[in-house]
Amino acid sequence: MPRLGEILLQLELINEEQLHEALSAQVIYGGRLGTNLVEAGHLQLDQLAKALARRHRVPAALGAHFDRCDAAIQQRVPSEVAAKWRAVPIGRLAHDSRRLAIAVRDPLPEHGRGELAFHLDIDSEDLVQAIAPELRIHYHLELGYKIPRANRFLRVKSRIPTGLPVPPASVEETDLTGWRFERDASGKGSLVKAGEAPVPSTPAAPPEVPRASSEDKTIDQPPVIATSPPWERHDTAVDVEVDDDDDDTAADNLGTRSDPALRLDDQGQPLVPSAAPSAEQERRKFVPSLGESSGTQATLARIAVRQVATDSAIRAVHVAPPRPAGPEELARTVRRADSRDKVGDLLIAALGELPGAPLDAAAILVVRPPLAIGWKGFCEEGPAAIESLAVPLDQPGVVADAYQAAQVRVVEVQPAAVTVVDERMWSVLGSRPPTRVLVAPIIVAEQVICLLYLHSRVPLGPAEALAITLADAAGTAFGRLLRAAQR
């Protein structure tokens, strides 16, 4: 299957520079390549839908199709099923009322088609899939099912920053030995050494839908702090001309009963587009462990399989690698992490597994001016509270102070100095006012790209020095990932 970037270049919808820019943004902000291209203003959603349709060889669900969604048909599918498959029913086909079009983020497996067809009361063969960008799917899941989008899929009025810095390589990065953080199919995470094979596991459970805003507005001023920040709608229909080949013809022909222009193929078929847990127990549920997944009490390390030669045959020997010991080895593991998510998982796991950890909350905030948006972390309210954070960087507060100074801030909280932003942030995290706060910028080539935040009602102890060390290591890791994205 061709890559999306190759298709977009072939269609001359973007250039090489814009592709590399979006790949770099993906390292920092996450999301898919097309999402970052749209957010940077290099691509329209309908253009992206048609390119995705060409890649997967299925019809495209365009903005005009979503505008004609049949609400009655949508309500046949329970919200949890729609969220599970990232699917939005559109309506019946114009020239074949037995068949029904459904917009999806990814082509559905057979059992996914069957589950959706069951709720829609049709045969699975009559369910026509049409591909749509993840930004549009998340928006219409919120619009039709009240499933809030995570902050990552909401857009502020301004575009994302471009021209992300790419620093030179460090000497240490040439040493490929060391540790990495990996999750298996069940979602379990652990540190393993390079070159060791993970043990197969059971299929992962469907991801939970994060709690976020259900509103979609344009803002003139950034929110002070919000679990439901107002944002600009980015789901505007755009008329786009793409090369008129077979794939795009199919992509252009998705229709509903109100669309008389639906065409047929050569065979006459429509072409479509118990006791209450303690606060510590609650916190541990949401901390991604160095040796286990969030909320799972598992072994401390993944079992690796090594091949040992014998006189008779090659036999497998199970060896459990030791855990990283000390801040320096943890930092080295972070610096060598091979993906954005692994960097974040390692940071939070390390802070959450400190012996007698005094932390009430820890979070990684991604800088997207004028806001710092919650990404990963733990707190009394759980990970959804972290994801709902949207902290303004142009209003007084401990986060904005560290960002503007591009320096670590360790604050002994004094009631008289607490700002409105600070109070609301602590309220979202479900914490009583802390006594000590640390904010450490994660810097790449002198630009703050993320902020590591933690607070406690008792002295931070070893967490303070470790957080500063890990923030510096994360900057190195992101720099290496940015360089890799340019290759």
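Throughout, read-outs are computed from the coordinates displayed, never taken from laboratory work. Since this is a predicted model, take the numbers as computed values, not measurements. Positions of Cβ are generated from backbone atoms using ideal geometry, with glycine treated the same way; all protein chains shown enter the neighbour counts.
Table for the structure above
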| read-out | value |
| --- | --- |
| Matching residues, region 40-65, being part of a helix (DSSP H, G or I) and crowded, with 23+ Cβ neighbours inside 10 Å | Leu45, Asp46, Gln47, Leu48, Ala49, Lys50, Ala51, Leu52, Ala53, Arg54, His65 |
| In region 96-121, the residues that are surrounded by fewer than 17 Cβ atoms within 10 Å (Cβ to Cβ), of a type outside the set (Gly, Ala, Ser) and farther than 21 Å from Tyr139 by Cβ | Arg98, Pro109, Glu110, His111, Phe118, His119, Asp121 |
| Pairs with Cβ under 6 Å, 6+ apart, first in region 110-135 and farther than 24 Å from Gly63 by Cα, second of a type in the set (Lys, Arg) and surrounded by fewer than 18 Cβ atoms within 10 Å (Cβ to Cβ) | His119/Arg76 |
| Filter result (assigned to a helix (DSSP H, G or I) and of a type outside the set (D, E, K, R)) within region 332-370 | Thr333, Val334, Val343, Gly344, Leu346, Leu347, Ile348, Ala349, Ala350, Leu351, Gly352 |
